[in-house]
Amino acid sequence: MDKPGQENLKPAARYFKLFVNRLAYTVQSAKPDRNGKHYYYRSKDDRRLSLETIREHLNGRLTMGLYALNPKTQRSKWVAIDADYENALEDLLKLQWELRHDGVDAALEKSRRGAHLWIFAAKPLLARHCRIYIYNVARRLRVPVKGGAGLAEGIEVFPRQDELGPDEFGNGIRGPLGVHRAVERRYWFYGADYKLEEQLDYLERLKKITEAEMAAFVDGLEMPQEFRPRPMVALPSYDPTRREFRILDHVRPMRKRSGNCWARCPACADQGRDRGGDNLAISVSDPRKYKCWAGCTKEMIRAALGQPIRVRRAG
């Protein structure tokens, strides 16, 4: 017999089995920032995703973002293809049709500006293999890929990386079947009635890719050259005696971990975010290298500090 409250957690447990590959997660802000955007931030109150949090997501009380790639295994439980440009739905339908010829079921989910295509694994698959497979299918169909060949618009594939370091998160994506805070609307999967139980039934029925199948799909394939990461450009060695903008002159680190200082992001703080004060990572060995894990750009960070990046003008 179920204990009190367990019955209400059953949909969350089913959701967990389908979508959760690691316990780190983000939450979409309930209120927009001054630019009207609802940003995602890492939860500071509860760092590990629980069934109770998933239940809140499914009930529409909060909206969580999920990470595809688990750095402990470099594997993902699913692949999500995000498209939000003109004719995006047409391209996703082409991909869905082509995948079906490989015996791969792909679930099409509505989104605010386009749609997402989801593919599930029987057991987590190497992210590198998932990416090689999808990028080659997209290339064969001439589906545009964002960033490939300099394209500003195109599909985005999650996981976005082949592998991550032990303390890295990669890129998150809005968890399906939640309420998007910008429009207060829930986006459903095509192929099932717009009710939670029917949606979960549909997703569970989909054929899941096995490791043997994925190995056969990528046999002899490589990541197309135009989609490979660009090589890192080496910066001049850091000279602590040279006067230049130093982020550490303006923020106070809260702690050190994995070669980085962690501090409150000034741009997040301006927007009422970063309650834990550790969204900003700063390289200990070269403080010129810093990054906000909530997505703030260097331009936003510098502007929030009153130190805007100077634009060199021609002539």
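The values are calculated or read from the model by the stated rules, or taken from the named source; none is laboratory data. Worth saying up front: this structure is predicted, and the values here are computed from it rather than measured. Positions of Cβ are backbone-derived with ideal geometry, glycine not excepted, and every protein chain shown enters the neighbour counts.
Looking across region 214-253 at every residue that is among the basic types (K, R) and within 25 Å of D167 (Cα to Cα), the one that is modelled with the highest pLDDT is identified as R252.
Here S76 passes the criteria (1) surrounded by fewer than 22 Cβ atoms within 10 Å (Cβ to Cβ); (2) under 26 Å from P166 (Cα atoms) except the one numbered (1).
Looking only at residues of region 114-163 that are more than 20 Å from the chain's Cα centre (by Cα) and aliphatic (A, V, I, L, M), we find that the one that is surrounded by the most Cβ atoms within 10 Å (Cβ to Cβ) is V143. For K256, the conditions (1) modelled with pLDDT of 90 or more; (2) among the basic types (K, R); (3) not assigned by TED's automatic domain parsing to the domain that holds L92 all hold with the exception of (1).
Let's see how each residue does on (1) part of a loop (DSSP other than H, G, I, E, B); (2) under 19 Å from A107 (Cα atoms); (3) not assigned by TED's automatic domain parsing to the domain that holds Y25:
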residue: V143; (1), (2), (3): yes, yes, no
residue: E153; (1), (2), (3): yes, no, no
residue: E156; (1), (2), (3): no, yes, no
residue: L164; (1), (2), (3): yes, no, no
residue: D167; (1), (2), (3): yes, no, no
residue: A192; (1), (2), (3): yes, yes, no
residue: E204; (1), (2), (3): no, yes, no
residue: E213; (1), (2), (3): no, yes, no
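Cβ-Cβ contacts under 7 Å between residues 6 or more apart (or on different chains), taken from a first residue in region 49-70 that is more than 14 Å from G172 (Cβ to Cβ) and at pLDDT 95 or above to a second residue that is among the hydroxyl-bearing types (S, T, Y) and buried (at least 20 other Cβ atoms within 10 Å of the Cβ), are listed as I54/Y15; L58/Y15. Taken over region 172-190, the criterion of being assigned to a loop (DSSP other than H, G, I, E, B) and in contact (Cβ under 8 Å) with a residue 24 or more places away in the chain is satisfied by G175, P176, L177, G178, R181, A182, V183, Y187, W188, Y190.
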